[in-house]
1. Taking the Cα centre as origin and putting +1 on Lys and Arg beta-carbons and -1 on Asp and Glu beta-carbons, what dipole magnitude results for segment B:78-136, to the nearest 20 debye?
2. Return a whole-number percent for the relative contact order of segment B:97-165, with Cα pairs under 8 Å and 6 or more residues apart as the contact set.
3. Pick from B:252, B:22, B:44: which residue has the top mean-square fluctuation in a GNM of chain B where Cα pairs under 10 Å get a spring?
4. Roughly how big is chain B's charge dipole about its Cα centre, with Cβ charges of +1 (Lys, Arg) and -1 (Asp, Glu), in debye to the nearest 20?
5. Work out the length of the dipole vector of the protein assembly as shown about its Cα centre, built from +1 on the beta-carbon of each Lys and Arg and -1 on the beta-carbon of each Asp and Glu, and round it to the nearest 20 debye.
6. Using R₀ = 56 Å, calculate the FRET efficiency as 1/(1 + (r/R₀)^6) where r is the Cβ-Cβ separation of residue A:218 and residue B:230; round to 0.05.
7. Quick one: divide the alpha-carbon radius of gyration of segment A:106-255 by 2.2 N^0.38 Å and tell me what you get.
8. Could I have the simple spin-label model distance between residue A:54 and residue A:115, label points 7 Å from Cα toward Cβ, reported in nm to one decimal?
Amino acid sequence: MKSKSFDYKKLLFRSIGLILFLVLWEIAPRLGWVKRLYLQPFSEDFMALVHLILNGKLFPHLFMSLERIALGLLLATIIGVGLGLLVGYFQRINQALDLLFQIFRQVSAFALFPVFILFFGFSEVSKFGIMLWASLWPVLLNTSSGVHDVDAVLIRSVKSMGGSKLYIFFRVILPATLPQIFTGIRLSGSYCVMAVVVAEMIGAKRGLGYLVFNSRESFLYPDMYAGIITLAIVGVTLNFILVAIEKRFTSWRVA
Amino acid sequence: MNILEKNDKVKVRARSVKREFQIKNRQGKNQPLVVLEDFDLDIQEGEFLTLLGPSGCGKSTFLNILAGLDKADGGDILVDEKPLEERSYDRGIVFQSYALLPWRTIIKNLEVGLEIRGISKETRREVARKNLERVGLAAYENQYPHQLSGGMKQRVAIARVLAYDPAILLMDEPFAALDAQTREDMQIELLRIWEADKKTILFVTHSIDEAILLSDRVAFMSSQPGHIREIIEIDLPRPRTEEIRNSVEFSQIRKSLWALLQEEALLNQSYGAFI
Ligand SMILES: Nc1ncnc2c1ncn2[C@@H]1O[C@H](COP(=O)(O)OP(=O)(O)OP(=O)(O)O)[C@@H](O)[C@H]1O
Ligand SMILES: [Mg+2]
């Protein structure tokens, strides 16, 4: 799929869409297609970001958000994988809970934010509440369907060799499910990045979501865009890291 | 013809084995389907016995019961005169679909059975290597299953079972997914491996030629419900080679087996069933 030597031509080709978008962003305000007060040329917003980095003002927000994302994703992964394995392994539990999960999955975490605030105020609990809600379902449902899809003949074959239930669970079901677990974690990662913004928009004092919202309220529009660009970079980087980990653990898969 | 010759030891003794499944009929109601009934079979120690019979007659069902993957609803199965234990430490099964663990390298696949038995790491590796050599795939120890051809995968599957040295080898149409040439090679390969230590083998196939070439005895099954109808001894000399396929004796045995199968088909027709 991928060649070992770095392919600049290919990278350039794959960046065409991005480059066109940035060019459009650059010229649209300059040519007066959009109100320059609301959207500045990309170079200006980018410089605002550089500025925020140089004067150190970005980092408290960035680190705060990274911390929340890391913790939220860790929580979602632990609970999601744990529950997913349980639900996938015990079909009866699955039958009892599947409908509930399918409905929960459709309920937007953002709609639940007011409910969390009602119960827990503007606390970290509320923030992790919506982040967890947003990111739990992909990893949970991917894990349980992964367990369900394990090739039965693999289980039978190891059982016929004398493998105990425990051995089969940890040495057959778990490794066979890993690819789907990782797919779930990757999806959950994106949801986490989305949810952290919302969580930080209300009742937070730090974080990229706060930076974006507060910059708008303070009429610092370039800073607002700088925050948005940072969030995009965070999302892409997180995905990149998760893909790398996934590759490392599932290198046996047919390319 | 179920007479024990010489003073051969009976390895597996199956008596009046019964197995029925609950299936849904067209009205969606549960209804019992008797798959095995009055199934009697003795497998002698060190013999190569093949089950032959129409599709759906219960060959795999019996194999699975013997492998500890399924339970009989009645009758007795004794291994070494002792009741069948659930965990099949002394049996090994080779499936048509190889069933190798795709995330393990070939050598690690061979170690599964040894791992389960709590054998130390060094011994595991050593035994696995020896058995991989036996099937001529020593060079592939660090490859993954998807990098091997079907025939190679099946050889790995056989080596994996041999590695933990079960007393009985169960093979459920192990070569059915292979092309004709590979299949013939594998038959000879299996004979070569088997000649080395004459493990008890229960083999299932749809191919009469395969059954004749490999077996000491061929057990014919009838269906509905499945039971052993007749057992034929294959009196060809051992060790057998490819050339034996062209011998007069071989074609005579083939002819008589065909006649038996024909009868079974007619029998089934008179019951209004189909194969
Ligand atoms: N788990 C099950 N539930 C219900 N019916 C089953 C089950 N397993 C097998 N059967 C039925 O039992 C019968 C015998 O199946 P089995 O797989 O033993 O046949 P077989 O002789 O191995 O056939 P083939 O040569 O096609 O492999 C079939 O009619 C099958 O539908
Ligand atoms: Mg079968």
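1. In debye, rounded to 20, segment B:78-136 gives about 340.
2. Relative contact order here is 50 percent.
3. Highest fluctuation among the options: B:22.
4. Dipole about the Cα centre, nearest 20: 900 debye.
5. Dipole magnitude for the protein assembly as shown comes out near 2240 debye.
6. 0.05
7. Compared with the compact-globule rule of thumb, segment A:106-255 sits at 1.37.
8. 4.8 nm
The values are calculated or read from the model by the stated rules, or taken from the named source; none is laboratory data. Remember, predicted model here, so these are calculated numbers, not experimental data. Note: ideal-geometry Cβ built from the backbone for every residue, glycine included; neighbour counts use all protein chains shown. For the accessible areas, the whole protein counts, side chains as well, though only heavy atoms, and no ligand, DNA or RNA atoms are used. Shrake-Rupley method; radii C 1.70, N 1.55, O 1.52, S 1.80 Å.
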